[in-house]
2 protein chains.
Amino acid sequence: MTRELPGSPLGLHRVIEPAGALPQAAWRLDPGPELWPDETRVRVDRLNLDAASFRQLTEAAGGDPDKLRAAVLGIVAERGKMQNPVTGSGGMLTGVVDEAGPAAPLGLTAGDRVATLVSLSLTPLVITDGLARWDGRSEQVPCAGHAILFGRSIAAVLPADLPARLALAVLDVCGAPALTSRVVAGAKRDGGRPPVVAILGAAGKSGSLSAVAARRAGAGLVIGVVPNQPEADILKVTGLVDEVVIADARDPAALAEAVRAAGGPAGVTVVCVDVPGCEGGAVLATAQGGTVIFFSMATSFSAAALGAEGVAADVTMLIGNGYVPGHADLALDLVRAEPGLRQIFDSRTAEG
Amino acid sequence: MTRELPGSPLGLHRVIEPAGALPQAAWRLDPGPELWPDETRVRVDRLNLDAASFRQLTEAAGGDPDKLRAAVLGIVAERGKMQNPVTGSGGMLTGVVDEAGPAAPLGLTAGDRVATLVSLSLTPLVITDGLARWDGRSEQVPCAGHAILFGRSIAAVLPADLPARLALAVLDVCGAPALTSRVVAGAKRDGGRPPVVAILGAAGKSGSLSAVAARRAGAGLVIGVVPNQPEADILKVTGLVDEVVIADARDPAALAEAVRAAGGPAGVTVVCVDVPGCEGGAVLATAQGGTVIFFSMATSFSAAALGAEGVAADVTMLIGNGYVPGHADLALDLVRAEPGLRQIFDSRTAEG
């Protein structure tokens, strides 16, 4: 069941409106099951709505499960993808590969259990079970239907040796440790000395993974910054960082002084805290010539640009790209190798 | 007239409220004329409000010059700095150095004519002439008063050989060519080959400077992207780029194809267009392993991060830091050396 014409690896051939848009920016996609030659079709078993989207939908539905189901079904029917029109965000999905087109480059075969690493906001999707098994209380949505992966989409085969919930949580943030690893290795190569690395939000999922990635990439000292004593206690027990520091990342002078006292300033600062207003502190905690990587979606572009200029900080500021080749395997391997990461992820995914 | 206690090079000692904030994020600064030892006082002769702030103030005042003057005077009296509370932005100022504290590190001496390269939004300021000479029709505001530079503030001595209006326009965007130069030189060093560089908005001020900087830093090919034929005509005459391409930077597939046809994809893409929605196109026009530098304040952090992930683009994305050591001299030297730049700047500053 594949078409003959070649498709665009970006999925442009699936965009119905507006013409010329990328699938993520498009209002409406064609989610039909027939494959272009480089596409892959997945039999969906679960959607994982992103937290911002789930919160907005729940509030709009007043917590009524029927209204919530109707809202998600309505979006997917109208747009051909699960992209919340208010938040613009999506989430990810899991399922089993149904069919791979003859020119599909993703290396997947029928029967593979996979998680998508591109957003639902660009993934063609059809739901066929009315979401009857979803109670509306969790962002994890049991679901029957199909989804389409493009030639340049990304999906990871779920590992057999890790619980699915853990693997999903790791894959959700796997870009952070991969980019941190690359930047730390580059700083060591260029500077000749193992860099000091500061992780803001080190007791969180992306922060703890990034801390371990930094250490393995050759950091000389890893400073984990957390906002309070309970998170400090959790992080200390794991042994994932060399120094644990309690500081408010939104207070620039206090943060910079805390990092300095722990062995800074940092050659590489990694921002993994999802609250606004951390740009100035991250810049100030970083040495001249150093690098700040912003993974927080709460980052303000202009606050970072003007903030660095305002203090004459010659720092390289990176927008945290969620894609780095090999990112899924790297993150899963870190979790397998470091019991401390398992502790942090278990404590943070136990409730859901 | 200096105090005895050491100040903070960041100006934290001038912050009145809220405590702990950096001067840019603060609501209110102490603009008193007495210097801390590392500060420098400037006798102001002109404010240059930034375009976004001037537009907002003009609209709020209904175009009435008296109301406009009152609004600016009110902000400066209340906040101790000219930071528009709606836009958050400021601008820059020119004046003559009045006094440098005994420990001032900026290398300025009394009598120097300077322009500040840090934003008015963090510069302590007192206005003493009621802005009587300002007609309210231009963002250039004749003004008497004083301003304070901190130890880590940045100011440039205005060159004697260039018209003040030209020098100011160049200094306003001088971070762009400096960072472009560094990134292009680094790409050449790492890759061994002179990189292809695409400049989006190449007929503008920061774009044209960045194009010349890229060429001088060793670019193999400089592609200038402009939105329409008139800008293409201007750019072609100057000879500043190798290829001139007309494309809408907000149309990702069209932009990527236009850059490819001109010799791309780019190893380095520089975004100098001040319209929203150019993130996806910039990413798609860039080769795997390449770098995008975002100078546009219209850049959306999340659109860049998710856009790159969505197309599995392994590109390094930089937030354009307005400060790079030596940026002012580099930009002024480019204008002196390239008649084509002078043409572009003259055409764009003639009206003001």
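Listed values, structure above:
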| item | result |
| --- | --- |
| Packing-based order for A:178-188, B:108-118, using average beta carbon neighbours within 10 Å, highest first | A:178-188, B:108-118 |
| Principal axis box of the stretch B:250-303, alpha-carbon based, largest edge first, Å | 28, 21, 17 |
| Pair-distance profile P(r), taking every C-alpha pair of chain A, with 10 angstrom steps and integer % | 6, 24, 29, 24, 14, 3, 0 |
| Cross-link reach list, lysines versus A:K67, counting only Cα pairs under 26 Å and skipping chain neighbours closer than eight places | A:K81 |
| Table column - 3J(HN,Hα) (Hz), the stretch B:283-288, Karplus curve with 6.51, -1.76, 1.60, x for Gly and Pro | 5, 5, 7, 9, 5, 4 |
| Whole-Å semi-axes of the stretch A:22-124's equivalent ellipsoid (Cα gyration tensor) | 27, 14, 11 |
| Kirkwood-Stokes translational diffusion coefficient of the stretch B:259-339, alpha-carbon pairs, 4 °C, 1.567 mPa s, µm²/s | 94 µm²/s |
| Most positive-pole-ward Cα, A:G80, A:G267, A:T116, against dipole of chain A from beta carbon charges | A:G267 |
| For the stretch B:25-84, size of Cβ-based charge dipole, Lys and Arg +1, Asp and Glu -1, in debye | 100 debye |
| Scattering profile of the protein assembly as shown at q = 0.06 Å⁻¹ [log10 I(q)/I(0), Debye over alpha-carbon scatterers] | -0.37 |
| Farthest toward positive dipole pole in the stretch B:20-129 [+1 Lys/Arg, -1 Asp/Glu at C-beta], among B:V126, B:P23, B:A61 | B:A61 |
| Point-to-point label distance, B:R137-B:Q229, nm (Cα→Cβ direction, 7 Å offset) | 3.3 nm |
| Accessible area of the protein assembly as shown divided out per residue, in Å², using a probe of 1.4 angstrom | 38 Å² |
| Within straight-line cross-link reach of B:K205, lysines at Cα separation under 19 Å, skipping those fewer than 8 residues along the same chain | B:K236 |
| Beta bridges by DSSP in the stretch B:231-325, antiparallel share as percent, to the nearest 5 | 0 percent |
| Paired Rg and Dmax values of the stretch A:72-112, which use every Cα atom, in angstrom | 13.9, 37 |
| Residues listed by number, the stretch A:16-32, amide nitrogen under 12 Å from A:A60 label point at 7 Å toward C-beta | none |
| The protein assembly as shown: antiparallel DSSP beta bridges as a percent of all, rounded to 5 | 55 percent |
| Computed [θ] at 222 nm, deg cm²/dmol, chain B (DSSP H ≥ 4; -39,500 (n - 2.57); rounded to nearest 500) | -10500 deg cm²/dmol |
| Convex hull projection area averaged over all views, the stretch A:116-242, Cα basis, nm² | 10.9 nm² |
| Cα centroid separation, the stretch B:151-191 to the stretch A:46-116 (Å) | 46 Å |
| Label 7 Å beyond Cα on the Cβ vector: B:A103 copy-to-copy distances, nm | 6.8 |
| Cα-centred dipole magnitude for the stretch A:243-352, charges only on beta-carbon of K, R (+1) and D, E (-1), debye, nearest 20 | 60 debye |
| Under DSSP loop assignment and at most 13 Cβ neighbours within 10 Å, longest GluC sites (Glu not before Pro)-free interval of chain B | B:35-350 |
| Separation of alpha-carbon centers, the stretch A:294-309 and the stretch A:203-254, rounded to whole Å | 21 Å |
| B/A buried area, accessible surface, summed, 1.4 Å probe, Å² | 3900 Å² |
| Linear extension gain, B:R43 paired with B:V96, 0.36 nm per residue minus alpha-carbon span | 18.6 nm |
| Projected area averaged over orientations for the stretch B:173-312, convex hull of C-alpha atoms, nm² | 7.2 nm² |
| Exam field: B:G326 pseudo-label spacings to other copies (7 Å along Cα-Cβ), nanometres | 3.4 |
| Beta bridges per DSSP with both ends in chain B, % antiparallel, nearest 5 | 55 percent |
| Surface accessible to a 1.4 Å probe, A:F295 within the full protein complex, Å² | 40 Å² |
| At most 12 other Cβ within 10 Å, DSSP loop - trypsin sites (Lys or Arg not before Pro), the stretch A:5-69 | none |
| Mean shadow area of the stretch A:144-204, taken as a quarter of the surface of its Cα convex hull (nm²) | 7.2 nm² |
| Size of electric dipole in the protein assembly as shown: Cβ of Lys, Arg +1 and of Asp, Glu -1, about Cα centre, debye, nearest 20 | 740 debye |
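The values are calculated or read from the model by the stated rules, or taken from the named source; none is laboratory data. In this text the structure is predicted, and so the values were computed from the model without any measurement. Heads up, the Cβs are rebuilt from the backbone with ideal geometry, glycines too, and the neighbour counts pull from every protein chain shown. We work out accessible area using only protein heavy atoms, side chains counted, and drop any ligands, DNA or RNA first. Shrake-Rupley method; radii C 1.70, N 1.55, O 1.52, S 1.80 Å.
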